[in-house]
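Below is one structure, written out as structure tokens; comments come after it.
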Amino acid sequence: MPTISAEEKEIARFLEERFGERPRFFIHRDSPDDSFYIAVAVKEHFPGNDLVTCATNGTSNMPLYAADGTIYADTRLELVGTCRSGQESNFRELIYFAGRTIAKDRWACAPGVFLWNAVRRFGQFGDMEHLYFTTPFAQEGFVTHTFGSRKVSWLAVVPVSTAEVQFARANSTEQLEDHFVSRDVDWENLNRRSAL
């Protein structure tokens, strides 16, 4: 069993408060003897029926790095995302992979960035191939908080298609999100077709 930090315990209490009850936690690591791990909290029927929300707890055990390799001294990251009921097993793997890439590989993550091929590496999911990181918009209360001595910001993880990434790069991520809203895109569906 991993040694749980005081900050992780506080994050677990925060998740319980946000979800209205204690979620199930799953420990993910690359191999059984790897000391690095991330717990993924899973809450069914949140934020609505037929939806499941997953959130990392442990990404913030590691510093957040900028693209130039320097450390962001003032904040660390945890991730949250929502999928359709029945898709949570695959979504747990995706959100763990994203948290692991940020923490273990020192990948620079911020709102508006894409993790290329992060979905495709786990199989075929409709047109979804990549992960998009944005300010949480469907998970109420997932804003920057201080847990112990650690300031933690939350980012939402949204699977996207190559065409959607290309649209965002040609226009902006704000226009991509506006397009999702105007087309009432079923963004929680891991197996959805591309909106573009």
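The values are calculated or read from the model by the stated rules, or taken from the named source; none is laboratory data. If you're wondering where the values come from, they're calculated on a predicted model, not measured in any experiment. Virtual Cβ from ideal backbone geometry, glycine too; neighbours counted across all protein chains shown.
Of all the listed residues (T70, T56, T75), the sole one being among the β-branched types (V, I, T) and buried (at least 23 other Cβ atoms within 10 Å of the Cβ) is T56. Pull up the stretch 152-176, narrow it to residues that are among the hydroxyl-bearing types (S, T, Y) and touching a residue at least 12 places away in the same chain (Cβ under 8 Å), then point me to the one that is nearest to A195 (Cα to Cα). Here the residue is S161.
Given W107, W154, which one is more than 13 Å from the chain's Cα centre (by Cα), aromatic (F, W, Y) and under 20 Å from A39 (Cβ atoms)? Walk me through how you get there before you give the answer.
Values: W154 fails: more than 13 Å from the chain's Cα centre (by Cα).
Step by step, each of W107, W154 is checked, and only W107 is more than 13 Å from the chain's Cα centre (by Cα), aromatic (F, W, Y) and under 20 Å from A39 (Cβ atoms).
Restricting V113, V80 to those that are among the aliphatic types (A, V, I, L, M) and under 24 Å from K43 (Cβ atoms) reduces the list to V80.
State whether one or more residues within the stretch 12-19 are surrounded by fewer than 13 Cβ atoms within 10 Å (Cβ to Cβ), farther than 18 Å from A138 by Cα and at pLDDT 95 or above.
yes
Taking strands (runs of 3 or more DSSP E) as the structural unit, those lying wholly within the stretch 6-69 and holding at least 2 residues that are polar (S, T, N, Q) correspond to 51-57.
Just wondering, is there one or more residues in the stretch 171-184 that are under 23 Å from E93 (Cα atoms) and of a type in the set (S, T, Y)? Before you say what the answer is, go through the steps one by one.
From the stretch 171-184, those under 23 Å from E93 (Cα atoms) are none; that's our starting set.
Taking every residue of the stretch 171-184 in turn, none turns out to be under 23 Å from E93 (Cα atoms) and of a type in the set (S, T, Y).
When the stretch 78-99 is filtered for residues that are outside any helix (DSSP H, G or I), of a type in the set (S, T, Y) and surrounded by fewer than 24 Cβ atoms within 10 Å (Cβ to Cβ), only S85 remains.
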